[in-house]
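Peer 1: One structure coming up, written as structure tokens, with questions to follow.
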């Protein structure tokens, strides 16, 4: 080829590239001129959604982390559509395809599956006496969603690094809900505008969630994972980021004015102090954070906490305490009348209407299960939770041979996160809320790592 021909060819290539570069602008101008802009926007959204979906299908672990962040951050309250639903379908489809192509089923904990089977049996039995069986069907559907998320986490969290990333995503989601909640207050949007304490006109912080007590429980359960990051990060800037996130979470927790969160928060502080008894820096850091939280918290918060002393007296001075005490005592009465079958899963709100004049739940997860499914239902429910946490506890005590040294510490903080949300469940009805089950799934993933480590040590 002559030099003139090569120059002509390179000039033609440049013209083609220039035309391709200008094509999007030409399409936009043509659509705007013809009045088809809205269709162009719709097409752009469709293309973006298609690319996003294909990416998550190829990398389902990214989709799982997105779902976990979505749950803890409450970002769904800021979005016009439920993004979690299609992402769940995409991730589930990718996992099913892996199984069809010969992938390994990783959720093999026999104790967990037996507990789930017996719990379902007692739930179905309770429906035979339920005044509103459809409420039980709704709760069973919620339980199925919990099991799906547990299964996805166990299938996709395969290594210690995956488990650490999951912990960091949970913590990032909790910090994000504080940021989103503060932004919502500043902008006057979001779900945080109508949560006032009656009679005193004190606004309760909810983050990006709809309920301040639930938001406090979620944030508190993520706190141990932030402490793990601050304790084990090697990079100074990353450690500083985790410390800042922990401080932000503590501010957000106490800004909810949730009395119930005092119990899990105290349990976390005590457990970390006992574990880090040989680390003076950890002692000083946690003591300073705790003292700062107590001192900087408004006095009215502690007035609300002290009002719990009147809970058993039936005093109506604190309406919130009175209605919750009424609901719990009514639930206990119903359990004594139906100790074996319960009144039907999720049916307390109907069965308790003879005495509770408000449509409220029992405000205790375990009492909610007890009154709904009877003593056997609660026993199997606790069996499910115990089957999950036992692997994390074992991992915290295990001397790992094939994993990094920080895995043992991570197992401890995962177990502590589970204990935190389970303590919060004593003061709220959240039997089928994702943050109650994500620590269970993380612990089951630890069980797989334990089995692999023991097999390698024995080989």
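The values are calculated or read from the model by the stated rules, or taken from the named source; none is laboratory data. Since we're looking at a predicted model, the values are computed, not measured. Please note: Cβ atoms are built from the backbone with ideal geometry, for glycine as well, and neighbour counts cover all protein chains shown.
Peer 1: Would you confirm, using the coordinates I've provided, whether residue 150 is closer than 19 Å to residue 383 by Cβ, part of a helix (DSSP H, G or I) and within 15 Å of the chain's Cα centre (by Cα)?
Peer 2: yes
Peer 1: Select from the range 72-83 the residues that are surrounded by fewer than 22 Cβ atoms within 10 Å (Cβ to Cβ) and closer than 22 Å to residue 221 by Cα and write down the one among them that is modelled with the highest pLDDT.
Peer 2: 75
Peer 1: Among the listed residues 372, 388, 377, which satisfies the condition of being under 25 Å from the mean Cα position of the chain (by Cα), under 18 Å from residue 143 (Cα atoms) and at pLDDT below 90?
Peer 2: After ruling out the rest, the residue left standing is 388.
Peer 1: Without any contact (Cβ under 8 Å) to a residue 60 or more places away in the chain and within 27 Å of residue 340 (Cα to Cα): which single residue out of 389, 384 fits that description?
Peer 2: None of the others qualify; the one that does is 389.
Peer 1: Please tell me if residue 361 is crowded, with 19+ Cβ neighbours inside 10 Å and closer than 20 Å to residue 132 by Cα.
Peer 2: Answer is yes for this residue.
Peer 1: Find all pairs meeting these conditions: Cβ atoms under 7 angstrom apart; at least six residues apart or on different chains; first residue within the range 88-102 and at negative phi; second residue surrounded by fewer than 17 Cβ atoms within 10 Å (Cβ to Cβ).
Peer 2: 90/53; 90/57; 92/148; 93/57; 94/57; 99/105
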